[in-house]
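These notes are about the structure you will find just below.
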Amino acid sequence: MVSRNLLLERLAEILVRSFEVERDAIEPSKTFKEIGMDSLAVVDLVDFLERNLSLKIDDDEFHADTTIDHALEILQARETADNPAEGT
């Protein structure tokens, strides 16, 4: 399983490079809305994560009011579920 810190760095890099979010704005306690993302940007993020990280994320799991911390929890859970051999 990928460490939470590494996952945060990967997510932050995606948000900065692909969604033009300021790196200083990205904190685990902030919501996507608080870092400047609207609901359509969050849908695009989910699509990006699914394609680039080979994960399946349910449509109702990420929204503008989801915190970065909660998003990390979801990503860790999906990574473990989608790659069970890595969790052993």
The ³J(HN,Hα) series, computed from each phi in the range 47-56 with the Karplus coefficients 6.51, -1.76 and 1.60 at θ = phi - 60°, rounded to the nearest Hz and given as x for glycine or proline, is 4, 4, 5, 4, 5, 8, 10, 6, 10, 10
Short to long, in 5 Å steps from zero, the percent of alpha-carbon pairs of the chain per bin is 3, 15, 27, 29, 17, 6, 3, 0
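Here, each number is a calculation from the coordinates, and none is a lab measurement. In this text the structure is predicted, and so the values were computed from the model without any measurement.
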